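To start, the structure under review is shown below, and the notes come after it.
What follows is calculated from the coordinates using simple rules that are stated; it is not laboratory data. Because the structure is a prediction, the values reported are computed rather than measured. Cβ atoms come from the backbone with ideal geometry, glycine included; neighbour counts cover every protein chain shown.
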Amino acid sequence: MASGLAPRLVAINIPVGDHVTWRVAGLSFDADTVWTSLIACAAVLGLGFYLRSKVTAAVPGKVQLFWEVVVGWVADQVEAGLGKRYRHVVPLAVTIFMLVLAANWVELLPGLWHNTDYLPSPTADVNLTYALGATVFVLTNGASIRAKGLGGYIKAFFAPPRWLAPIRALEELMKPVTLALRLFGNLFSGGIMIALLLAIPIYFFPATIVFSVVWKLFDMFIGVIQAFIFALLTILYYQFAVASEGH
Amino acid sequence: MPVASSNFLVPGPTFVVELVIFLVVLWALSKWVLPPVNRVMEARQQTIARSLAEAEEATKRARELEEQHERILEQGRSEARALKDEAARVGEQLRQQLRNQGEEEYERLVTRASSDIEASARRAAEELRAQVAGLVVAVVERVLVEGVSLAGQGQLIERAISEVEAQAAARGPGSSGPVSAGTAAATRAGQ
């Protein structure tokens, strides 16, 4: 740390979009994103299997209560917007919420590799957010085709006024992209903010520490909000997709 | 490890790894975690619904019992009222009966007293008649024995009366002395 202080006093150098990479069979993988995704995945599955071992219909523990709040909220949203027929959307939205939340909160852990101040969130890498967006895109459009038939699905784009058809197609294509980039942008900028705060010269201590702590707490809040928005929009896109006429 | 810098908005091969990680989490949660959570949530909802139904049933039962209690109390009150009325009626009947009996007894006593008085009066009249007869016989006896002058007539009568009174006093009240004296005088006059 001491060696890292001297350059900071004169200049800051925040890496943007840099990743530690693995090269496998000629392909370049972002090792930090994969690792942090696996940490988030382990956290979600660990909590899930811990819950499975302790689950009770009597008085629930804190972990169970947390899961029940999430599942209850998602189930209410799905039931209100889609009805009981689409209960299979609940696991998708719950998984998105839990995984995105865990991924967002990874930033609270101390860093490794090239960034020792904090562990970059995997949601600050478009690869994870695009993967989530693509899954939602495929599933919602699949549900739309199942609900309306392929003809009905295509016809929906050409509903009057017909000249809006390209806009409708573009909107449909943009949905997963906006989903992914909204999440990515928030977390990516959150990471940059932490890096900036930590780059405040040491003679402003303790302002550095106070700002960092306050920002990290705010970042936690943003993490919850973004997970919530992603899950809610997934349900809404499902709702739009299976709606009988237009949107 | 090498650090690569590129256009961070363009996905790379990591996309596939992330997709696999997401699908694995989705599969694991759908298969292993969410079903038991849904089960216990449904079980708890059923328990709550059952408890609410039981509470409602208990409230209904309590209300019924209260109504029953009130009904029994009202029944008791009306029975008590009926008993009080019956007691008042019986009391009045008894009082009337006793008054009737008293009046009858009074009538009987008065009737008996009247008949007693009547009998006594009749007896006294009979005694008086006997005494008067005896007196008349005694006076007549003296007149026949001693003769009567105008001057001695008054004395004779006075003496005869005194004798009769003395005889009556000697016999005591209520006796039939004068009657027997009169009878004896009449017998003697007949001889």
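Here are the numbers:
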quantity	calculated
Cα-based convex hull volume of region A:115-160 per residue, rounded to whole Å³	85
Chain A - percent relative contact order, Cα under 8 Å, separation 6 or more	25
Distance in nm between pseudo-label sites at residue A:146 and residue A:163 (7 Å out along the Cβ direction from Cα)	3.8
Using alpha-carbon coordinates, inclination of helix A:89-105 to the longest axis of chain A, degrees	10
Dimensions in Å of the protein assembly as shown - Rg and Dmax from alpha carbons	65.6, 204
From the C-alpha gyration tensor of region A:2-242, square roots of 5λ in Å	37, 24, 16
Residue mean of other protein chain beta carbons inside 10 Å, A:71-81	1
Neighbour-count order for A:153, A:237, fewest beta carbons within 10 angstrom listed first	A:153, A:237
Distance-filtered residues of region A:193-207 - backbone nitrogen under 17 Å, label point 7 angstrom along residue A:218 Cα→Cβ	A:193-200, A:207
Max mean-square fluctuation residue, GNM over chain A, Cα-Cα springs under 10 Å, options A:50, A:130, A:118	A:50
Among A:26, A:152, A:142, residue whose mean-square fluctuation peaks in a GNM of chain A (springs only between Cα atoms under 10 Å)	A:26
Virtual paramagnetic centre 7 Å along Cα→Cβ of residue B:81, amide N under 19 Å, in region B:28-71	B:68-71
Förster radius 25 Å - calculated FRET efficiency between residue A:80 and residue A:225 (Cβ-Cβ, nearest 0.05)	0.75
For region B:65-158, alpha-carbon Rg relative to the globular expectation (2.2 N^0.38 Å, N residues)	3.06
Likely footprinting exposure, A:221, A:158, fewest C-beta neighbours within 10 Å first	A:221, A:158
Fraction in percent of alpha-carbon pairs per bin - 5 Å, region A:39-144	2, 11, 16, 19, 18, 16, 10, 5, 2, 1
Taking A:128, A:198 and counting other C-beta atoms within 10 Å, the order from fewest to most	A:198, A:128
Loop-located GluC sites (Glu not before Pro) in region A:169-247, at most 14 other Cβ atoms within 10 Å (DSSP)	A:245
Virtual paramagnetic centre 7 Å along Cα→Cβ of residue B:145, amide N under 18 Å, in region B:106-133	B:133
Neighbourhood net charge (14 Å Cβ-Cβ; Lys/Arg +1, Asp/Glu -1) for residue B:100	-2
On Cα atoms only, tilt of A:126-157 relative to the major axis of chain A in degrees	10
Between helix A:62-81 and chain A: long-axis angle, C-alpha atoms, 0 to 90°, nearest 10	40
Cα centroid of region A:17-31 to Cα centroid of region A:71-145, whole Å	23
